[in-house]
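Structure, as structure tokens:
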Amino acid sequence: MSIVIEPYANGLKGIINVPGDKSISHRAVMFGSIAKGKTEIKGFLNGEDCLSTISCMKQLGVDIIETDDSIVISGKGMNGLKEPSKVLDVGNSGTTIRLLSGILATQSFSSVLAGDDSIATRPMGRVTGPLKMMNAFIDGRNYGQLTPLTIRGGQLHGINYVSPVASAQVKSAILLAGLNAIGKTKVTEPYKSRDHTERMLKAFQVELNINESSVEIEGAQALTATNIHVPGDISSAAFMLVAGAITKESEITLENVGVNPTRTGIIDVLQKMGASIFVDHDDNATFEPTANITIKTSNLKGITIEGDLIPRLIDEIPAIAVLATQAEGKTIIKDAAELKVKETNRIDTMVDQLKSLGATIEATDDGMIIEGKSHLSGGTVDSFGDHRVGMAMALCSLIADEPVTILNSEAINVSYPGFFQDFTKLKTNS
């Protein structure tokens with residue numbers, strides 16, 4: 001599917017609620033499924049990736065009821081899942097396949113995990129490797145490096161794992177396996193990755209020992225069901241924040257956005273670039289911190305983005321790349337080689353697509369260099385099935401001279417099903 005977006009530079013105004021956080025929605029379904037008791041989830045992201053998680057957990061014997069405003073899960077406990085009768089299809093969801101691998105590695109049955117063409121190219125060894133160290137039996141293409149993955153569960157033992165990458169998916173898979181293993185499991189990262197798993201495990205009454213960039217968990221712990229309210233996804237909010245910053249005469253307020261400190265790199269970047277942004281924290285928020293965020297048209301300057309800031313904004317870099325085209329001077333993004341193994345190689349994809357619209361941008365081994373301000377001419381671009389690339393290309397229509405046609409625009413439904421409706425609402429209010 002393709003969509004043509006006409007140029008628009010008259011200002012964006014209004015108040016919107018972005019969809020529920022994708023990372024938290026995935027975890028709420030998985031944790032509720034392996035908890036004892038009934039878990040109700042409010043604010044669940046009804047996107048394709050999260051629906052893949054629900055589908056997989058149902059195949060594992062979990063009773064999940066979906067209504068218009070909630071998800072109700074009757075948990076089976078960690079050892080109450082059943083062997084699936086067919087391949088567990090994760091669709092396009094890397095979170096589903098990696099976290100679920102940690103759960104399935106401890107089960108007393110066999111299962112097979114597979115996904116779409118994108119998942120088939122994404123590295124699974126970073127998860128299957130440490131799970132094998134814990135005594136899991138896992139096979140797949142290239143010795144378990146690529147899907148489909150076959151997992152024959154069994155009794156695992158805890159390990160002390162030093163991860164070469166700061167990845168919440170890797171950390172979470174190992175912790176979930178450690179939850180049902182013998183002894184202690186410890187994961188140490190080069191930088192602290194997003195900590196939704198740790199926060200949610202605590203909400204399900206699991207004890208953890210957290211110290212800087214390491215997390216330790218004792219095996220044989222049970223989860224106790226709880227109710228989860230999913231805040232708005234800051235990764236989705238990032239695209240609207242960039243839209244407000246780069247479009248003339250704009251003022252947008254995003255309500256109830258999750259502002260977990262491990263995820264707020266986009267706010268730090270906007271502030272460092274000189275954006276007119278105000279964050280109103282909700283002092284009564286529990287489980288995950290939230291805030292209302294207001295962004296106005298801004299005079300931006302180029303900066304260097306690198307180091308321990310990168311894990312806190314890795315999913316927002318497509319939006320930041322568009323933002324940087326409208327900043328005075330040079331923006332350099334470093335230490336972001338992880339972008340190469342997302343839904344697409346986001347470094348090359350974003351550079352190629354922005355270049356085709358007239359941006360001055362080049363790829364590096366671990367990031368990109370963007371010269372601002374760039375004049376965008378409009379044209380045809382492609383999401384290549386990557387939801388965040390698709391939304392980034394939509395932002396370009398706000399600063400382009402001619403229409404922007406986005407091929408494979410349906411990919412946006414993965415994380416932001418109502419993106420174009422919200423985009424239109426902000427234009428209508430101006």
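Need one number: % antiparallel among DSSP beta bridges in the chain, to the nearest 5.
Rounded to the nearest five, the antiparallel share is 70 percent.
Run the numbers for E410 and N299: contour at 0.36 nm per residue of separation, minus the present Cα-Cα distance, in nm.
36.7 nm
Sort the following peptides by mean Cβ neighbour count (other Cβ atoms within 10 Å, averaged over residues), highest first: 112-121, 263-272.
263-272, 112-121
So how far, in whole Å, is the C-alpha centre of region 313-352 from the one of region 14-93?
For region 313-352 versus region 14-93, the Cα centre distance is 30 Å.
Once both labels are modelled 7 Å past Cα along the beta-carbon direction, what's the F278-S85 spacing in nm?
In this crude spin-label approximation the distance works out to 5.8 nm.
Per 0.36 nm of contour for each residue apart, how much would the distance between N46 and H375 grow if the chain were fully extended, relative to their Cα-Cα spacing?
Computed gain between N46 and H375 is 114.8 nm.
Which of rounded, prolate, oblate describes region 235-373, given a ≥ b ≥ c as roots of the alpha-carbon gyration tensor eigenvalues and a/c under 1.5 marking rounded, otherwise prolate only if a/b is larger than b/c?
oblate
Sort the following peptides by mean Cβ neighbour count (other Cβ atoms within 10 Å, averaged over residues), highest first: 311-322, 3-14.
311-322, 3-14
Return the calculated 222 nm mean residue ellipticity for the chain, to the nearest 500 deg cm²/dmol, obtained by summing -39500 (n - 2.57) across DSSP H runs with n ≥ 4 and dividing by the residue count.
Counting only the DSSP helices, I get -9000 deg cm²/dmol.
Among residues other than D68 whose Cβ falls under 15 Å from its Cβ, what is the net charge (Lys/Arg +1, Asp/Glu -1)?
Here the charged neighbours net out to -2.
Between V341 and Y143, what is the FRET efficiency for a Förster distance of 22 Å, r being their Cβ-Cβ separation, to the nearest 0.05?
0.80
Amide H of I305: which non-local residues (sequence gap of 5 or more, or other chain) have their own amide H closer than 5 Å, using H built in the peptide plane?
I332, I333, K334
What does the charge add up to near G329, with Lys and Arg as +1, Asp and Glu as -1, over the other residues with Cβ less than 12 Å from its Cβ?
Value of the local net charge: +1.
If the chain between V162 and K38 were fully stretched, how many nm would it gain, using 0.36 nm times the residue separation less the Cα-Cα distance?
41.2 nm
What percent antiparallel are the DSSP beta bridges of region 22-229, to the nearest 5?
75
What's the local net charge at I317, with K and R +1, D and E -1, over the other residues with C-beta under 13 Å away?
-3
Most fluctuating residue of V341, V29, V170 in a GNM of the chain with Cα springs under 10 Å: which is it?
Comparing V341, V29, V170 in the GNM, the peak value goes to V341.
Bear in mind these aren't lab numbers, they're just calculated from the coordinates by the rules spelled out. This structure is a prediction, so every number in the text was calculated from the model and none was measured. A quick note on method: Cβ atoms are made from the backbone with ideal geometry, for glycine too, and the neighbour counts reach across all protein chains shown.
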